[in-house]
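The values are calculated or read from the model by the stated rules, or taken from the named source; none is laboratory data. Here the structure is a predicted model, which is why all the values come from computation and not from measurement. Quick reminder, even Gly has a Cβ in these numbers, built from the backbone with ideal geometry, and neighbours come from all protein chains shown. The protein model used for the area step is the full one, side chains on, heavy atoms only, and it has no ligands, DNA or RNA in it. Shrake-Rupley method; radii C 1.70, N 1.55, O 1.52, S 1.80 Å.
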Amino acid sequence: MSARFAAALAVFTVFACRASAQDGPPEVARAMLDAAAATGQTTQVNAVANAARAVFPDDAEAIDAYADGLTSALLLQMLNATSDYLVVKAAAEPEKAAPKVDDSIDEQELPSGEPPKWLKLGPWAGKATASGLVSSGNSRNAAAGLRVDAHREFSYFTHNISLYFDYGKSKGVKSQQRWGTAYKLDYLLGDNTYAYGRFSYDEDEFSGFDYKLFGGVGVGHRFFDTKEFKLKVEGGPGYQYSPIDDTREVDKHAAFYASGELDWIIRPGLKFEQDVNTTWTQPSSSLISSTALTTSLTDTLSAGVSFLYRYETDPPAGRVNTDTSFRMNLTYGF
């Protein structure tokens, strides 16, 4: 017998003794109340008690005392049964293990063999430009060009990639072939200052150089960085490797690279861009300037004109110092 059920019987005994002290309810009423309690429903006991009081009004107090004792005993018995059920159910159900958390693994760590997140390819922003151009200098002809500039930011890092290709023929003979690529990785040092590492490869079949290969590091700073006006300047030391076509000599020297970029939205849909970069070495230095004016056609398409100026201080024998090209551009932004 459980402790709760024993308590219920004790309560019932108290009320029964109280009823006995008053001679108890009539025998018929007692039997009816006992039968109602046997159902286990307190509502049945209350209903029978009401009926018994109506039949035996002189014994109403004794009937109420006996009915209250039975009701209290039933309530405690139901409470005891419910508690025992919950205990048995909890013991039968296996305890659910909490999710295992390995605090030793940093959220930035990746499975073995995967590159760090900042090196992964992801969403890039930039533009692709198709051009029709007219050149002068070491190449004098009409040509077609394609250029792609893209960048991706992640945390303190920014990846910058550019590719270009110009090709032209004159009277069925190739008269221009120029292409190149560059990659630059920026690392943010402050709100507007960053360090970078840069690699570039340029090949111009008619420049006198077989190709130019440059690698270097440096620091850049954004002097203005608003939606309407941007200006940044960067520069640093590097090394340039340049074989010469005719003599097969190799021009390889320490170098210094510097560049500046200006973007100005004159009014919504009309943009002015000025980019200048120079590479200085002891035997020969170069300067490249690009000036562009672009107007928007749609959210992603724009058209415009640009002028490209290239200057070499000491070109190989038989080449001129200056190359220029005037371009009509169609640009797709992404």
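What pairs come up if the first residue lies in segment 163-192 and is free of Cβ contacts under 8 Å to residues at least 24 places away in the same chain, the second is assigned to a loop (DSSP other than H, G, I, E, B) and exposed (fewer than 14 other Cβ atoms within 10 Å of the Cβ), and their beta carbons are under 8 Å apart, counting only those six or more places apart or on different chains?
none
Of 310, 248, which residue is open to solvent by less than 70 Å² (accessible area, probe 1.4 Å) and either in contact (Cβ under 8 Å) with a residue 60 or more places away in the chain or under 15 Å from residue 212 (Cα atoms) (or both)? It would help to see each step written out before you state the result.
On the way: 248 fails: open to solvent by less than 70 Å² (accessible area, probe 1.4 Å).
Exactly one of 310, 248 is open to solvent by less than 70 Å² (accessible area, probe 1.4 Å) and either in contact (Cβ under 8 Å) with a residue 60 or more places away in the chain or under 15 Å from residue 212 (Cα atoms) (or both), namely 310.
Look through 263, 299 and report the one residue that is under 40 Å from the mean Cα position of the chain (by Cα), of a type in the set (Asp, Glu), more than 26 Å from residue 143 (Cα to Cα) and outside any strand (DSSP E or B). Give the derivation first.
Values: 263 fails: outside any strand (DSSP E or B).
299 is the lone residue from the list that is under 40 Å from the mean Cα position of the chain (by Cα), of a type in the set (Asp, Glu), more than 26 Å from residue 143 (Cα to Cα) and outside any strand (DSSP E or B).
So, in segment 263-289, exactly how many residues are over 28 Å from residue 249 (Cα atoms) and open to solvent by less than 40 Å² (accessible area, probe 1.4 Å)?
Kept after step one, since they are over 28 Å from residue 249 (Cα atoms), are these residues of segment 263-289: 263-276.
Keeping just the survivors that are open to solvent by less than 40 Å² (accessible area, probe 1.4 Å) gives 263, 269-270, 273.
Qualifying residue count, segment 263-289: 4.
What single numbered condition from (1) open to solvent by 50 Å² or more (accessible area, probe 1.4 Å); (2) more than 38 Å from the chain's Cα centre (by Cα); (3) among the small types (Gly, Ala, Ser) fails to hold for residue 325?
Result: residue 325 fails condition (1) only.
Between residues in segment 62-78 that are touching a residue at least 24 places away in the same chain (Cβ under 8 Å) and residues that are part of a helix (DSSP H, G or I) and charged (D, E, K, R), which pairs lie under 8 Å by C-beta distance while being six or more apart or on different chains?
Pairs found: 63/53; 65/18; 66/30; 69/18; 70/34; 76/4; 77/4.
Please find, within segment 175-207, the residue that is least open to solvent (accessible area, probe 1.4 Å) out of those that are farther than 19 Å from residue 236 by Cβ and touching a Ser or Thr at 6+ places or on another chain (Cβ under 6 Å). First the steps, then the outcome.
Start the filter on segment 175-207 by keeping residues that are farther than 19 Å from residue 236 by Cβ, which leaves 175-181, 191, 203-207.
After this cut, where a residue has to be touching a Ser or Thr at 6+ places or on another chain (Cβ under 6 Å) as well, the list is 175-176, 206.
Details: 175: 18, 176: 0, 206: 55 Å².
It comes out as 176.
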